[in-house]
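A.B. asks: Please find one structure pasted underneath; my questions will follow.
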Number of protein chains: 2
Amino acid sequence: MIRRFRGESLHKVDAKGRVSVPAAFRRVLEEGDPDFSRGSSPNFVIVYGGVRGDCLEGYTISSISKVDKLISKLPRFSKDREMLERFINTQSTYMQLDETGRIVLSYRLKEKIGIRDEAIFAGMGEKFQIWEPKNYQNELNALDTSFKNLSEDENPFLKLDQLQD
Amino acid sequence: MIRRFRGESLHKVDAKGRVSVPAAFRRVLEEGDPDFSRGSSPNFVIVYGGVRGDCLEGYTISSISKVDKLISKLPRFSKDREMLERFINTQSTYMQLDETGRIVLSYRLKEKIGIRDEAIFAGMGEKFQIWEPKNYQNELNALDTSFKNLSEDENPFLKLDQLQD
DNA sequence: TGCTATCCTATGGGATATCATGGAATTTTA
DNA sequence: TAAAATTCCATGATATCCCATAGGATAGCA
């Protein structure tokens, strides 16, 4: 089975910026790091810029590598490639869990998404997100409203089965 | 895992032109220098001419070799090859980190991109860039605007998924 | 089915190493 | 030999490591 990021949880951020990554997510990060071995700590990547400025997004090494590989296929110096690299490479950073399963969010990262002393982790399948709790709630509410306003044939749940073949 | 240049950071440039290269980038430079050994300092290449006159671009030895190889495939004496060699080979220079992880930017290099006493390092996957901070901000803003003005089918993120297969 | 031992998780504090940066000393070079 | 470049120390700030604790969950056992 390939594990995916599932669930949401709230964690304290201490004075040094340290936060526990949910235990369930650690298993996914371990599986997604080709260099991980029992006894060590997995690496992964946090993307902080780009399309969404309101949360951080965590990717396993293997899933970000897929993206990196696709980008490398684009012609060097092309506008598309530069743009993607700016969003995916420049505005991101390698991270490593410590032995107790924590990471440290630098001042810059915390500031970027308005985090003070608590953070919400939300599983999103191939990636996870880190939110300031209030912003997260707003995001959920907004999503709810926009979902309710969809017409029948815009409903993504229904579109899902049409993809199937 | 093959590390890539990720993240961005601001560094002071002192009177002698010395700047710290971000610690994370040093690891990539070390990995990318076939002659590197523990205890020594990695070599790499800075390209200052060519396509973009507004920033410097740093390549690991192994990634500049890839580019060199591509250029060698072009017909000798062709205009294209001549041009690329001028930009990539002529307008570039070998560099070596010192023991504290710094390089020195000569007056010429600083002048080229308008740097005075601060420099931004930006990871771009297989290479990194060095910018004068204000110019960098302008670059980011311009990128943002042009991204927002893209039509659906011009969105490089969406194109990425089409490459897949 | 209640008790206890064990493990894992979340969190905190202090010690230590690394990083970014500045200045002095020394070598090179024109 | 003066200017420029390189090497060698120095230091505060930051990040990393190491240890400690408390609560929850699980498992084994009587």
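The values are calculated or read from the model by the stated rules, or taken from the named source; none is laboratory data. Computed from a prediction, not measured in an experiment: that's the story for all the values here. Cβ: placed from backbone, ideal geometry, glycine included. Neighbour counts: every protein chain shown. Heads up: the accessible areas ignore ligands, DNA and RNA and are worked out on the full protein's heavy atoms, side chains in. Shrake-Rupley method; radii C 1.70, N 1.55, O 1.52, S 1.80 Å.
A.B. asks: Suppose the filter is outside any helix (DSSP H, G or I) and of a type in the set (Lys, Arg); does A:Arg76 pass it?
C.D. replies: yes
A.B. asks: I've got another one for you. Show the residue pairs that are 6+ apart or on different chains and have beta-carbon atoms under 7 Å apart, the first residue being within region A:89-112 and away from every other protein chain (no Cβ under 11 Å), the second being exposed (fewer than 13 other Cβ atoms within 10 Å of the Cβ).
C.D. replies: Here the result reads A:Gly101/A:Ala23; A:Val104/A:Lys16, each pair linking region A:89-112 to a residue that is exposed (fewer than 13 other Cβ atoms within 10 Å of the Cβ).
A.B. asks: Is it fair to say A:Gly53 is away from DNA strand D (no atom under 15 Å from the Cβ) and open to solvent by less than 10 Å² (accessible area, probe 1.4 Å)?
C.D. replies: In short, no.
A.B. asks: Being facing chain A (nearest Cβ under 10 Å) and of a type in the set (Asp, Glu) is the filter here, so list the residues in region B:1-21 that pass it.
C.D. replies: B:Glu8
A.B. asks: Please state which of the following conditions B:Tyr107 fails to meet, knowing it meets all the rest: (1) within 16 Å of DNA strand C (Cβ to nearest atom); (2) in contact with a strand residue (DSSP E or B) (Cβ under 8 Å, 6 or more places away or on another chain); (3) of a type in the set (Phe, Trp, Tyr).
C.D. replies: That leaves (2) as the condition not met.
A.B. asks: From the set of residues in region A:22-43 that are within 14 Å of DNA strand D (Cβ to nearest atom) and away from chain B (no Cβ under 14 Å), which is modelled with the lowest pLDDT?
C.D. replies: A:Gly39
A.B. asks: Exactly one of these conditions fails for A:Leu74: (1) over 26 Å from A:Ile2 (Cβ atoms); (2) within 11 Å of chain B (Cβ to nearest Cβ); (3) touching a residue at least 24 places away in the same chain (Cβ under 8 Å); (4) of a type in the set (A, V, I, L, M). Give me its number.
C.D. replies: That leaves (3) as the condition not met.
A.B. asks: Filter region B:117-128 for residues that are open to solvent by less than 10 Å² (accessible area, probe 1.4 Å) and more than 12 Å from DNA strand C (Cβ to nearest atom); which is nearest to A:Ser72 (Cα to Cα)?
C.D. replies: So the residue we want is B:Gly125.
A.B. asks: Residues being open to solvent by 80 Å² or more (accessible area, probe 1.4 Å) and either assigned to a loop (DSSP other than H, G, I, E, B) or among the β-branched types (Val, Ile, Thr) (or both): count how many of those fall in region B:105-116.
C.D. replies: Total satisfying the criteria: 1.
A.B. asks: Sort out which residues of region A:129-140 are more than 13 Å from DNA strand C (Cβ to nearest atom) and outside any helix (DSSP H, G or I), and write them in order of number.
C.D. replies: A:Gln129, A:Trp131, A:Glu132
A.B. asks: Follow-up question, since we're still on this one. Which condition from (1) open to solvent by less than 20 Å² (accessible area, probe 1.4 Å); (2) touching a Pro at 6+ places or on another chain (Cβ under 8 Å) is the one that A:Ser62 breaks?
C.D. replies: (1)
A.B. asks: Just to verify a result, which residue in region B:18-50, among those that are farther than 22 Å from B:Ala122 by Cβ and away from DNA strand C (no atom under 16 Å from the Cβ), is most open to solvent (accessible area, probe 1.4 Å)?
C.D. replies: B:Asp35
A.B. asks: Same structure again: Filter region B:129-165 for residues that are more than 9 Å from every other protein chain (Cβ to nearest Cβ) and under 20 Å from A:Ser72 (Cβ atoms); which is most open to solvent (accessible area, probe 1.4 Å)?
C.D. replies: Going through the qualifying residues, I end up with B:Asp165.
A.B. asks: Let me ask you something else. Given A:Ile103, A:Ile2, A:Ile113, which one is closer than 24 Å to B:Ala24 by Cα, of a type in the set (A, V, I, L, M, F, W, C) and more than 15 Å from DNA strand D (Cβ to nearest atom)?
C.D. replies: A:Ile113
A.B. asks: I'd like the full set of residues that are of a type in the set (S, T, N, Q) and either within 17 Å of B:Gly32 (Cβ to Cβ) or surrounded by 15 or more Cβ atoms within 10 Å (Cβ to Cβ) (or both), limited to region B:65-104.
C.D. replies: B:Ser65, B:Asn89, B:Gln91, B:Ser92, B:Thr93, B:Gln96
A.B. asks: Then there's this: Residue check: is B:Gly125 out of contact with any His (no Cβ under 8 Å at 6 or more places or on another chain), within 12 Å of another protein chain (Cβ to nearest Cβ) and at positive phi?
C.D. replies: It is true that B:Gly125 is out of contact with any His (no Cβ under 8 Å at 6 or more places or on another chain), within 12 Å of another protein chain (Cβ to nearest Cβ) and at positive phi.
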